[in-house]
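What follows is a single structure, written as structure tokens, with notes after it.
The values are calculated or read from the model by the stated rules, or taken from the named source; none is laboratory data. Note that the structure is a prediction, hence the values are computed from the model and not measured. Just so you know, the surface numbers come from the protein's heavy atoms only, side chains and all, with ligands and any DNA or RNA stripped out. Shrake-Rupley method; radii C 1.70, N 1.55, O 1.52, S 1.80 Å.
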Amino acid sequence: MDQKGDEVTAVEEVAPATSRRGPRSDGGAGKEQILEAATAQFGEHGYQATTIRKVAEAAGVDAKLVHYYFGTKENLFSTAIAETFRSRGFPNLLAERSTAGDGSPGTRYLLAVLTALEDPGMGPAFIGLVRGLGTHEESRRIFLRFVSEELIGRLAPQLGSDHPEVRVSLAGSQLLGLVIGRYVLKVPPLAGLSIGQVASTVGPTIDRYILGDLEWNSEPGGTP
């Protein structure tokens, strides 16, 4: 093959989506299939042990295609947890005002979150991310992006209440402490409770942060 032909092949390998949109016509996986493979890899091996190469192999594509769609492993993981989060109806559960059905909005939300965390599909990878928050800068960035975009960014505008971003941050801090205590530190009394027990006990606290009447008395020189 001449030099010009080699150059054309190289361009096609690096930027396949420039000439083709959606799933590749050669039978390889498209963006959704890569994301599905990534979710499985992260869930099975955790964030730090998963590589772009392993994801590409699982999806049956060249690693360059994974980089083309998602850039870095950090962005791929962020996308995977965000899609998992949205597919389960988060954070819309917290925006619901109805207390009918299976408990309050906070209770239903915690029940759904804890069920997801104990799902082997993605839960272990997310818990591993939380475990690395204090020592792994990349984990901290991913988690902060997740909180900013998927919690504060999506939920706060739906609340229609005072100080919505502060409310979501407070609820998030409650949830993070719960996840650390139950799944990272594995505090015996808390770790031994059923998902339903935890949700029904802590749910009303989440309700108060999101929906309740909160006192916003400011400290001198500060604002709520």
**Request:** Tabulate in residue order the Karplus-calculated ³J(HN,Hα) for segment 141-155, using 6.51 cos²θ - 1.76 cosθ + 1.60 with θ = phi - 60°, rounded to whole Hz; enter x for Gly and Pro.
**Result:** 5, 4, 5, 5, 5, 4, 5, 5, 8, 8, 9, 5, x, 9, 8
**Request:** Tally up the carbon and sulfur contribution to the accessible surface of segment 103-224 as a whole percent, 1.4 Å probe, everything protein left in place.
**Result:** 58
**Asked** Counting only residues 5 or more places away or on other chains, whose amide H sits under 5 Å from the amide H of ASP62 once H atoms are built in the peptide plane?
**Response** none
**Item:** Computed log₁₀ I(q)/I(0) - Debye formula, equal Cα scatterers, no solvent, segment 86-184, q 0.11, 0.15 Å⁻¹
**Value:** -0.33, -0.63
**Asked** Roughly how many Å² is the accessible area per residue of segment 49-129, as a whole number, for a 1.4 Å probe?
**Response** 41
